[in-house]
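A short write-up of the structure that comes next.
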Amino acid sequence: MALSTSMSVAAAVLLVLAAAQPALGDPACYTAVFSFGDSLADTGNYGFVYPNDTSTPALNLPYGETFFNRSTGRFSNGRLIIDFIAEALELPFVRPYWSGQSAEDFARGANFAVGGATALSPDFFIENGAPLPNPDTVHLDMEMDWFPRPAQVAPHQGFRWYVSCTNMMSKSLFLVGEIGGNDYNGPLLSGVPFEKIRTLTPSVVAKISSTITVSHSLLLSHLLLLNPHLRR
């Protein structure tokens, strides 16, 4: 399973890098990257969303030591898949959404992924007898809501203006995933029986699928799914 998952993700990255080759000669092919997902895509949002959780490994060394020489909030000792994609597109590393302070901070996109995020909401797990360890867990609908309605947070009003007034969506690459793994990990850590967790799979797949469908129809742009969990 682990090998299959790794190969699936690697294949997706190779596909993006191949598609990005024209951009190396024409940087205007994609001028921004937007990302949604969990710890495999989070470039630093976790520390802003959960400021009291200072003990999480991603906020401390040795995380980040092999490339950045410091912890960056990435759940990795170095870079993530999204970092390599941005590099291939000759773009800067994608800024965590919650670290932005002005419109200029989002000129090259934003990353909405948060470590520990789930596809389904915490309420779903409670209603189905499979509660998550953290009832305040960020989920996919929340991340998507941050994108169209960021003006709810004062420091991010500039983001809403920038997106609506610069026509940047038509030249942006949208990444969805990785997301869904924590929908199984969370209940498992809470002691939910494995057989009960298996029954969640259709709902996880349906949520990711519907989000992709809605996102594509709204964003009218290039969308890439990096998600080995989207299968029955």
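Using the number of other C-beta atoms within 10 angstrom as an exposure proxy, rank LYS207, LYS196 with the fewest first.
Least to most surrounded, the residues fall as LYS196, LYS207.
Kindly state, to the nearest 0.05, the FRET efficiency for THR66 paired with SER209, given R0 = 30 Å and r defined as their beta-carbon distance.
According to the calculation, E is roughly 0.30.
What order, most packed first, do the peptides 97-106, 55-64 have when packing is the mean number of other Cβ atoms within 10 Å of each residue?
Ranked from most to least packed, the peptides come out as 97-106, 55-64.
For SER170 and ASN134, calculate 0.36 nm times their separation in residues minus their Cα-Cα distance, and state this gained length in nm to one decimal.
Taking 0.36 nm per residue and subtracting the Cα distance, the gain is 9.3 nm.
Based on other C-beta atoms within 10 Å, arrange ARG198, ARG108 from fewest to most.
Lowest to highest Cβ neighbour count: ARG198, ARG108.
What ranking do 35-42, 115-122, 46-53, 81-88 get when scored by the average of other Cβ atoms within 10 Å per residue, highest first?
With the highest mean Cβ count within 10 Å placed first, the list reads 35-42, 115-122, 81-88, 46-53.
Can you tell me the order of 136-146, 69-79 when each peptide is scored by its average per-residue count of other Cβ atoms within 10 angstrom, highest first?
Taking the mean over residues of other Cβ atoms within 10 Å, the ranking is 136-146, 69-79.
Just so you know, all these numbers are worked out from the coordinates, no wet-lab data involved. Because the structure is a prediction, the values reported are computed rather than measured. Positions of Cβ are generated from backbone atoms using ideal geometry, with glycine treated the same way; all protein chains shown enter the neighbour counts.
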